[in-house]
Amino acid sequence: MLSVLALTSVVLLGIASQTTAIVVYTSWERHALVGTDVRLSCSFFSWKWTSPDVTFSWHYRPDGAKDSIAIFHYAGGAPYVDNKGPFRDRLEFVGNPSRRDGSILIKNVDFGDNGTFTCDAKNPPDIAGSPSNVRLLVFEKVPVQAGVITGAIIGVVLGLLILIVAIYYLMRFLVARRVFSLSMSKHGKKGKGKEGSQQKQALAVTDPAKLKAAASEKKKQESRREKK
Amino acid sequence: MLAILLATIVLHLTDLIILFIATCANAWRTHGVTNYDLWYDCTQNNGGYQCRGTSDADWLQAVQALMVLATVFCLISFIIFLCQLFTLVKGGRFFFTAVFQVLASLFVMSGAIIYTVMSPEWKNENDAYGYAFVLAWLAFPLTLISGFIYIVLRKKE
């Protein structure tokens, strides 16, 4: 009885503590080429239903700076985009708040956009939680990851090798089958008396390896006869 | 006949060992206690090694791939040689073995050439080529000779 009470109280406490914490998700790092558009995604997990008063806010802190500036805010069902700061005319809201998506799109990124973007989401009454950071790295040329080219070359060459071996054995098998069917038709024209045993012999030699072995054995027998 | 067979096997095994060392040892380029390429940049200080991965140069990854492929093909050709030793018809040539061995030598040649051509842009004045680089260049004629021996070699009657 006591154990059941203890268990239920722990579960209730656990649920109670979870209902007051919201968890915000963003990527860890985003790599982008100069001049391209970058979509910074932000989503959240909350035990409560998505409230109509849900808010998203994005802050930006340049690399090396101490303070962050606010660049985007979504509240009361309307997005508010920064029109004075470094992202004026370049920021667009592409999220869907009813689906818990507060993503923004930054167009035409430049090297000055390197920095940390912070997304903070609040879903009343679920407001206690920490915001999440995503780092933006802008490259002139995106470097090839280590090992991609290596793996590609090795994979292609070994794949070609397997393909060639498979084709070789397939051709051998087809040629052996053709030889077998030709020999069958030849024996068929001669008559039926002798073919009883010959057909059985031919039937036994369907495996191309056995065919080769039979051929080499015939050669050995011929060479022995020649020696004699 | 047995002497030729043993010599061929010894040569092939030597090639295999040289290729393994050249591929796996991280000493294509050295600078004092630092050794670079093919896989890490390692510095030795205070009795321990401090390593980080090589930079993502395209040609370096190609050299890595070619060296690994050369080693793999040399190993495959050795296995095929042992197979063909028992299953080949009398008087036949070790064709498959030769093909793989020659391919291995071509791969190691390509890898060594690419590294020789591209690394001067990278290395400083004081860098020296390491023993793995020398072994890679040594492996190329040895594997080529071994491949030609297999083309000429016949299984005795």
| Can you give the charge dipole size of the protein assembly as shown about its Cα centre, rounded to the nearest 20 debye, using +1 on the beta carbon of Lys and Arg and -1 on the beta carbon of Asp and Glu? | 3880
| For A:148-155, mean number of other protein chain Cβ atoms within 10 Å | 6
| query | Once a ≥ b ≥ c are taken as the square roots of the eigenvalues of the Cα gyration tensor of region B:7-71, is the result rounded (a/c under 1.5), prolate (a/b larger than b/c) or oblate (a/b not larger than b/c)? | reply | oblate
| request: Starting from the Cα gyration tensor of chain B, take the square roots of the eigenvalues, sort them a ≥ b ≥ c, and report rounded, prolate or oblate (rounded when a/c is under 1.5, otherwise prolate if a/b is larger than b/c, else oblate). | output: prolate
| field | Candidates per chymotrypsin sites (Phe, Trp or Tyr not before Pro) in region A:47-119, loop by DSSP, up to 14 other Cβ within 10 Å | value | A:Trp47, A:Trp49
| Pair-distance profile P(r), taking every C-alpha pair of region A:144-193, with 5 angstrom steps and integer % | 5, 17, 11, 12, 9, 8, 8, 7, 6, 5, 4, 3, 2, 1, 1
| Using helices alone, what [θ] at 222 nm do you get for chain B, with -39,500 (n - 2.57) per DSSP H run of 4 or more residues, divided over all residues and rounded to the nearest 500? | -22500 deg cm²/dmol
| remark: Highest mean packing first, using Cβ neighbours within 10 angstrom, the peptides B:57-63, B:43-49 sort as B:57-63, B:43-49
| request: Sort the protein assembly as shown into rounded, prolate or oblate with this rule: let a ≥ b ≥ c be the square roots of the eigenvalues of the Cα gyration tensor; rounded if a/c is under 1.5, and if a/c is not under 1.5, prolate when a/b is larger than b/c, oblate otherwise. | output: prolate
| For chain B, can you list the cysteines whose C-beta has no other cysteine C-beta under 4.7 Å from it? | B:Cys24, B:Cys74, B:Cys83
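Every read-out reported here was derived from the displayed coordinates using simple, explicitly stated rules and does not represent laboratory data. Keep in mind that what you see is a predicted model, and the values were worked out from it rather than measured. Neighbour counts run over all protein chains shown; Cβ positions are idealised from the backbone, glycine included.
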